[in-house]
1. Can you tell me which residue among Lys248, Lys282 is over 14 Å from the mean Cα position of the chain (by Cα), surrounded by fewer than 19 Cβ atoms within 10 Å (Cβ to Cβ), modelled with pLDDT of 95 or more and more than 14 Å from Arg308 (Cβ to Cβ)?
2. Limited to the range 151-175, what total is found for residues that are crowded, with 18+ Cβ neighbours inside 10 Å and over 16 Å from the mean Cα position of the chain (by Cα)?
3. I'm trying to understand the selection: among the residues of the range 225-246, which are closer than 22 Å to Asn276 by Cβ and not polar (S, T, N, Q)?
4. In a strand (DSSP E or B) and away from the ligand (no atom under 16 Å from the Cβ): does that describe Ile267?
5. Which of (1) touching a Pro at 6+ places or on another chain (Cβ under 9 Å); (2) closer than 26 Å to Glu268 by Cβ does Phe202 not meet, given it meets every other one?
6. So which residues in the range 272-292 are near the ligand (Cβ under 8 Å from one of its atoms) and among the charged types (D, E, K, R), if there are any at all?
7. Being within 8 Å of the ligand (Cβ to nearest atom) and not basic (Lys, Arg) is the filter here; which residues of the range 298-317 pass it?
8. Of the conditions (1) touching a Ser or Thr at 6+ places or on another chain (Cβ under 8 Å); (2) under 30 Å from Lys17 (Cα atoms); (3) surrounded by 16 or more Cβ atoms within 10 Å (Cβ to Cβ), Ile297 fails just one. Which one is it?
Amino acid sequence: MPELPEVQTVVNGLTDKIVGLKIKDVWTDYNSKYYLGKKSIKDPKFFRKFKKEIVGAKVVEVQRRAKNILIFLDNQKVILVHLKMTGHFLFGKYTFNKKEKTYIPEGGFVDPKKLKKDKNLQKQVLEKPLTDPFNKFIHFVIDFEKYQLTLSDMRKFASVTLLDKNEIPEIFRKTGPEIFDLSKKDFLKIFENKKGKIKTVFMNPEVVAGIGNIYSDEILWEIGVHPESEVSKIPEEKFGEMLAVSKKILKKSIASGGDSMSDFRNIEGKKGKFQNSHKAYKLEKTKCQKKNCCGIIEKKQIGQRIGRFCKKHQIKY
Ligand SMILES: [Zn+2]
């Protein structure tokens, strides 16, 4: 699932491509009984209302809050998107294909069976990532006339809704603060009365926004704190270090276009590179890369998630 740097990468891409563009049309084939009566485009009735409100409006700004994407329109409305497990936006030239009943990029999608065997096709897909069959699960499209913004979502877990601008504070009332906004003092205060294992507490979206499995593993590895450390026993100065390292690692990942160890793609369909900088995440059974540490990375279930860490240099408080 995309975490803060991946969502920020998408927001940066959208800011570059869609701000100033006018919405000509909008399309979806999401339709789920489970969402009937809910404020989701997966309810066809809501989608009709959604369409009426946004067609003709212009995009004025794109922001990230936690792992959410907010597309601000010039009519005080905001399109709120959560990519969830497999959702990713793609920006380019698409046309609606009546036979397939979906949107197809220029050049069409490459046949996945042929792609496996054909090196030339693999090269073509690297140059024109929108034609990658990985991106063909299109369930939502904003049509900007010359270009289209499509949402490919293989598992159909992504969510899209519409808000009034003034509803935003209420929607995010329970969402934890943004790491980049925090001072050392704020950060200490957040963990002051918390109980539990540091990895679990750190990943709780009501405690801090946008931190998931990858970045919690990487940050704790870097500062030498065992993920099962009890929050109340960790020395104060470690929290100062944790905040500084969090900002450093998240910035580094944003600069490298996010982490594509799993499904993440940017809006051009390209992979990020942060997976090449991992020190702990998915590196179990490999040698710890910390200087002068000869530990081995191991994995263990911590709370509901699997944590990766080095027992040798990560101290359990
Ligand atoms: Zn180590």
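The values are calculated or read from the model by the stated rules, or taken from the named source; none is laboratory data. Model, not experiment: these values are computed from the prediction. Because the Cβ atoms are built from the backbone with ideal geometry, glycine has one as well, and the counts that use them run over all protein chains shown.
1. Lys248
2. Qualifying residue count, the range 151-175: 2.
3. The initial filter retains those residues of the range 225-246 that are closer than 22 Å to Asn276 by Cβ, namely 245-246.
Correct list: Val245 only.
4. On the way: in a strand (DSSP E or B): no; away from the ligand (no atom under 16 Å from the Cβ): yes.
Answer is no for this residue.
5. (2)
6. Across the range 272-292, the qualifying residue is only Lys290.
7. Within the range 298-317, Cys310, His313, Gln314 qualify.
8. (2)
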